[in-house]
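Remarks on the structure that follows.
Every read-out reported here was derived from the displayed coordinates using simple, explicitly stated rules and does not represent laboratory data. Worth saying up front: this structure is predicted, and the values here are computed from it rather than measured. Every residue, glycine as well, gets a Cβ built from its backbone with ideal geometry; the counts of neighbours run over all protein chains shown.
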Amino acid sequence: MLQDKKQLQKYVISAGHCRTLGSSIENDGVNFAVWCPAASAIELLLFKSLEDDNPDVITLESQIFKSVYYWHVHVKGIGAGQIYAFRVKEAIRAYKSAQTHVEVGKVLLDPYARRVLFPKDYQRFQRADEKTNLRCCAKSVVIDMHDYDWGLDPAPRHPLNKTVIYEMHVKGFTAHPSSQVAEDLRGTYKGLIEKIPYLVELGVTAVELLPVFQFDEQDALPGKKNYWGYSPMAFFAPHESYSSDKSIMGPINEFRDLVKALHKNGLEVILDVVYNHTSEGDQNGPTYCFKGYDKQNYYIIDKNGNYGNYSGCGNTFNGTKSVVRNLILDSLIFWVEEMHVDGFRFDLASILARDDTGMPIANSPTLLDIDTNFRLADTKIIAEPWDAGGLYQLGYIAGSKWREWNGQFRDDVRSFMRGDTGTIKRFVERILGSPDIYNEREVDPQKSINFITCHDGFTLWDLVCYAYKHNDANGENNRDGSDSNWSANYGIEGETDDESLNKLRLRQAKNMLALTVLSMGTPMILMGDEILRTQKGNNNAYCQDNELSWMNWELNDRQKEMLSFTKAIIKRRTFRSRTDNRNQRTRMLDSVLRSTKLQWHGVLPFQPDWSDNSHSIGVMVYWGTYSIYAYIFVNAFWQDLDIELPPPPKGIRKCWYPLVDTSKEPPHDAIVSSFNYKRYMAGDKVKVQARSIIMMVSSA
């Protein structure tokens with residue numbers, strides 16, 4: 001069982017088991033288990049410190065330590081805080097293409113590690129000198145996950161029709177000095193806790209955090225730093241750099257503190273998760289985990305040894321393989337049950353619908369496993385329904401529970417509001433929840449996650465200030481980032497002191513924010529759009545860990561106006577019935593839309609213009625049960641329009657109350673109490689300014 005007497009004297013080991021993978025504290029010691037079917041011998045390295053270059057080595061080669069595909073051992077007398085790693089010592093000679101499955105001699109992280117430690121001189125690629133490499137490589141550590149008091153921690157569990165998602169970056173939210181967060185807390189989970197009152201006042205109900213799994217910040221061009229975090233190293237470990245507490249349990253417990261604080265304030269936590277690739281890259285990338293254990297099962301690799309790159313990041317996780325499917329489910333369940341998160345947004349989810357040759361498959365078993373897993377039943381699951389290899393599955397992600405980022409909403413609303421011809425019909429489909437995409441499957445209106453902007457692309461303010469991307473700072477000669485932005489500068493590229501142009505840009509920003517929040521579906525807004533955050537035209541700021549990406553909390557008057565409008569329009573998403581005898585029932589606008597008939601109007605009532613040259617549309621929606629009626633007119637034309645108001649339905653007050661007018665200044669752009677304002681009658685003429693939206697209501 002043991003390799004030498006020195007091991008026997010220092011450690012008492014037994015066979016252990018593979019019922020749980022990773023490291024588990026049990027029976028006065030720790031059980032270790034890892035998948036590595038092509039190895040004939042594997043080493044467990046036990047480090048005395050993070051920089052230890054002479055670890056104790058327990059060599060496992062007897063079949064007592066192997067159960068078919070898994071190696072396992074129980075080591076008595078060690079516990080929480082033990083630093084460790086694995087290393088494949090030998091491959092099975094008779095194993096078909098064994099050398100293409102494993103990499104002998106590499107120090108490897110535990111794929112199920114709850115915490116990853118980095119020595120001060122960590123480098124992405126391992127060193128040739130063994131002692132230097134042992135001292136400088138990333139390592140795993142044994143964790144006791146049960147030593148934390150959650151208290152009651154009730155999950156908010158907002159239904160999707162009452163959800164407003166705020167996509168945000170943990171570090172970027174508070175890293176800027178203007179955040180007024182203490183310097184040692186800026187950019188951390190704890191720093192974010194201090195800003196929860198801002199999120200509550202804004203009115204959002206969920207935060208969607210860009211990746212918080214431990215990622216490799218060195219996975220970028222020389223001189224750059226991976227900022228977004230789409231470069232995962234470990235699927236169970238929180239990112240260390242986002243913690244103000246660097247102790248072994250610090251990042252884990254500080255993240256839990258964040259979740260608990262958000263829940264206490266009624267906010268759900270959705271994680272942006274990356275199960276489509278890892279930071280190990282292609283055949284030229286480093287090896288510090290999955291490549292070393294079984295590259296042919298963890299990754300899509302062709303017969304010539306080339307890595308399939310459907311992620312655009314060098315490799316593709318092989319989601320159809322059982323070992324990967326199990327890892328993904330185990331990871332999701334861990335974050336739900338141990339870290340109490342409320343949902344997930346899957347980056348490039350369509351990759352999980354490719355087989356081990358890279359070909360798309362119908363009814364992906366991996367996606368269906370996630371969709372139907374009973375331990376994930378109460379979580380929100382959102383797909384980015386495409387990948388970098390051209391697979392586009394909007395409306396066709398396998399499983400009924402999945403919600404989808406609606407990229408068509410983004411593109412078609414941008415195009416219509418920019419003034420493109422031939423876009424009126426697609427625009428109407430988008431604001432109605434994209435029935436042309438989803439009705440065939442008879443899904444609820446919240447299938448669509450509506451967004452105009454996200455981390456990937458222009459910010460909302462840049463969308464109306466730049467006609468072209470400006471990514472030179474990324475070091476790729478502006479070749480990176482999308483060229484299809486459906487943006488406009490309205491006369492001048494970039495920032496300007498032209499006040500009339502800035503007013504137009506602000507109005508367009510309000511228009512698209514209002515359409516995102518008020519359209520049928522579940523809205524998502526990008527961090528900082530509510531204050532017109534700019535990245536100076538950079539639409540791919542993945543490596544810009546600096547003030548270009550961070551939230552600047554010092555606001556000018558224009559930004560304050562946008563913030564005020566955003567708060568008001570989110571509140572406008574909920575209507576209260578004045579006739580409800582309980583006087584407490586509320587409903588969301590998309591519920592109103594989906595449960596009633598629609599009336600379409602043009603500049604004259606009941607005369608909509610559906611031609612390719614149309615740049616405006618009016619719609620009246622009404623909900624008889626609660627007697628709420630709304631009239632919305634969208635003018636994407638570059639000239640003012642005089643419209644005639646339609647009559648409210650029979651039996652309803654014959655007047656309209658103003659609610660929203662994006663052409664006006666606060667407080668008239670989003671009115672808190674419309675019944676104190678001028679009333680409009682059917683047949684009245686109203687001027688709708690160029691590129692603006694109005695909304696009026698009438699009730700019994």
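Its relative contact order, with pairs defined as Cα atoms under 8 Å and 6+ residues apart, puts the stretch 35-167 at 26 percent. Working from Cα positions, state the angle (0 to 90°, nearest 10) between the long axis of helix 322-337 and the longest principal axis of the chain. Helix 322-337 sits at roughly 60 degrees to that axis.
When Cα Rg over 2.2 N^0.38 Å is calculated for this entry, the matching label among (i) 1.04; (ii) 1.27; (iii) 0.96 is (i). Here the stretch 484-524 is scanned for amide nitrogen atoms under 19 Å from the site 7 Å beyond the Cα of Glu665 along Cα-to-Cβ, giving 497-511.
Which residues does the label zone of Glu495 cover in the stretch 513-553, counting backbone N under 19 Å from a point 7 Å along Cα→Cβ? Label zone hits: 528-541, 544-553. Charged side chains reduced to their Cβ positions (Lys and Arg at +1, Asp and Glu at -1) give the stretch 5-141 a dipole of some 80 debye around its Cα centre.
Helix-only arithmetic for the chain: the sum of -39500 (n - 2.57) across DSSP H runs with n ≥ 4, divided by the residue total, places the mean residue ellipticity at 222 nm at -6000 deg cm²/dmol.
To the nearest ten degrees, helix 250-264 and the longest principal axis of the Cα atoms of the chain are 30 degrees apart. Ordering of 313-320, 100-107 by packing is 313-320, 100-107, highest average first (other Cβ atoms within 10 Å, averaged per residue). On the beta carbon distance between Ile333 and Val57, with R0 = 25 Å, the FRET formula returns roughly 0.15. Its relative contact order, with pairs defined as Cα atoms under 8 Å and 6+ residues apart, puts the chain at 10 percent.
Summing Cβ point charges (Lys, Arg +1; Asp, Glu -1) relative to the Cα centre of the chain gives a dipole of roughly 1780 debye. Compute the Rg/Rh shape ratio of the stretch 164-570: radius of gyration over Kirkwood radius, all on alpha-carbon atoms. Value, to two decimals: 0.94. For Glu554, put the label point 7 Å out on the Cα→Cβ axis and report which residues of the stretch 149-186 keep their amide N under 11 Å from it. So the set is 177-179.
Between the residues His101, Ser611, Phe215, the greatest Cα displacement towards the positive end of the dipole of the chain, with unit charges on the Cβ of Lys, Arg, Asp and Glu, is found for Ser611.
Could you work out how far helix 499-518 tilts from the main Cα principal axis of the chain, as a 0 to 90 degree angle to the nearest 10? For helix 499-518, the angle is close to 70 degrees. Each DSSP beta bridge with both residues in the chain is either parallel or antiparallel, and the antiparallel ones are about 75%.
Projecting the Cα atoms of Gly343, Leu327, Thr316 onto the charge dipole of the stretch 164-570, computed from C-beta unit charges around the Cα centre, puts Gly343 farthest toward the positive end.
With charges set only on the Cβ (+1 for Lys and Arg, -1 for Asp and Glu), what does the dipole of the stretch 164-570 come to about its Cα centre, in debye to the nearest 20? Kindly include the intermediate steps, with their values, before the conclusion.
On the way: 40 positive and 58 negative charges, 107 e Å.
For the stretch 164-570, the charge dipole is close to 520 debye.
The value of relative contact order for the stretch 164-570, using C-alpha pairs under 8 Å at least six residues apart, is 17 percent.
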